[in-house]
Amino acid sequence: MVFPLLLAGCGKMGGALLSGWLKQGMRPADVLVIEPDAAAAAEVSASLVRVVADAVLLPAGFAPEVVVLAVKPQVMDRALASLAAVARRQGVLFLSIAAGRTIGSLAKHLGADTPIVRAMPNTPAAIGRGMQVACASSRVDAAMRGRAEALLAAVGEVAWIEDEALMDAVTAVSGSGPAYVFLLIETLAQAGVAAGLPEALSRRLARATVAGAGELARRTDTDPSELRRNVTSPGGTTEAALKVLMAADGLEPLLRRAVAAATERSRELAG
């Protein structure tokens, strides 16, 4: 990855992306960050990447090929207004990771001819294990798509969709999904305590079990249903538990309702 890049916003997700890019060989001299928060800006400067507090302070000669929008959705309009001059340069790709902001809403500020990729990452990107789903506008050519893919792949897996409407369900499954897994760890640990385990031990067991099972699922092509059956002995303890979890009012309908609620909220936020 050797091309000039402007990163607008370097919070948790923006910082995770920047860290991944630098690990993948991007030169600090090729990156410029806009970050008004002094503490976050100091962390960026420590990596030898240039940082300014506002777009008006961008160096006159800096001409990025890609602008990554990693600001919070509530301040996106202000950020887009400050970057209007950059958007007028031909061939500049805008890559947005802001939840709920559609390609159309971004184009209203940047111009209908501006190449835009909308992506939904998730928090495991912070350790290089994210799941990023992207959708490109009609103005994005093959080379731009390749740049976006390289930037997103630096922090995990990448999948592309052609129908932007699917991004609401993507948000509900992978974007919000880590919170569901953390809740599973939390509630599994609490159930262990209720069954008599010491709290510290139960937390350790729950955390390691969920992490290990997830890694096993990642490293094999075996279907999750088969992995589940491999753990389940007829008449054993796992089967007894699964009769509860797989009941008509068990985990599957509960997760369906949860994902449906998150999908609907994503639609509402997108307007």
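The values are calculated or read from the model by the stated rules, or taken from the named source; none is laboratory data. From a predicted model like this one, the values you see are computed outputs, not experimental measurements. Counting neighbours? That spans all protein chains shown, and the Cβs are built from the backbone with ideal geometry, glycine included. Just so you know, the surface numbers come from the protein's heavy atoms only, side chains and all, with ligands and any DNA or RNA stripped out. Shrake-Rupley method; radii C 1.70, N 1.55, O 1.52, S 1.80 Å.
Mind listing whichever residues of segment 138-179 are part of a helix (DSSP H, G or I), open to solvent by 70 Å² or more (accessible area, probe 1.4 Å) and either more than 26 Å from Gln90 (Cβ to Cβ) or of a type in the set (Gly, Ala, Ser) (or both)? Once the filter is applied, which keeps residues that are part of a helix (DSSP H, G or I), open to solvent by 70 Å² or more (accessible area, probe 1.4 Å) and either more than 26 Å from Gln90 (Cβ to Cβ) or of a type in the set (Gly, Ala, Ser) (or both), segment 138-179 yields Ala142, Leu166, Val173. Residues in segment 81-105 that are in contact (Cβ under 8 Å) with a residue 12 or more places away in the chain, under 21 Å from Ala172 (Cβ atoms) and not in a loop (DSSP other than H, G, I, E, B): 3 in all.
Take the residues in segment 168-189 that are of a type outside the set (Gly, Ala, Ser), within 12 Å of the chain's Cα centre (by Cα) and modelled with pLDDT of 95 or more, then tell me which one is farthest from Gly214 (Cα to Cα). Among those residues, the one meeting the criterion is Val170. In segment 228-253, the residues that are outside any helix (DSSP H, G or I) reach residues that are open to solvent by 50 Å² or more (accessible area, probe 1.4 Å) and not polar (S, T, N, Q) with C-beta atoms within less than 6 angstrom, at least six apart or across chains, in these pairs: Thr232/Glu239. Residues in segment 108-137 that are closer than 21 Å to Asp163 by Cβ, open to solvent by less than 10 Å² (accessible area, probe 1.4 Å) and of a type in the set (A, V, I, L, M): 4 in all.
Please state which of the following conditions Val75 fails to meet, knowing it meets all the rest: (1) open to solvent by 60 Å² or more (accessible area, probe 1.4 Å); (2) outside any loop (DSSP other than H, G, I, E, B); (3) modelled with pLDDT under 85. Only one criterion in (1) open to solvent by 60 Å² or more (accessible area, probe 1.4 Å); (2) outside any loop (DSSP other than H, G, I, E, B); (3) modelled with pLDDT under 85 is unmet by Val75, namely (1).
For segment 191-212, the set of residues classified as without any contact (Cβ under 8 Å) to a residue 12 or more places away in the chain, part of a helix (DSSP H, G or I) and either over 21 Å from Ile127 (Cβ atoms) or open to solvent by 60 Å² or more (accessible area, probe 1.4 Å) (or both) consists of Ala191, Val193, Ala194, Glu199, Ala200, Leu201, Arg204, Ala208, Ala211, listed by residue number.
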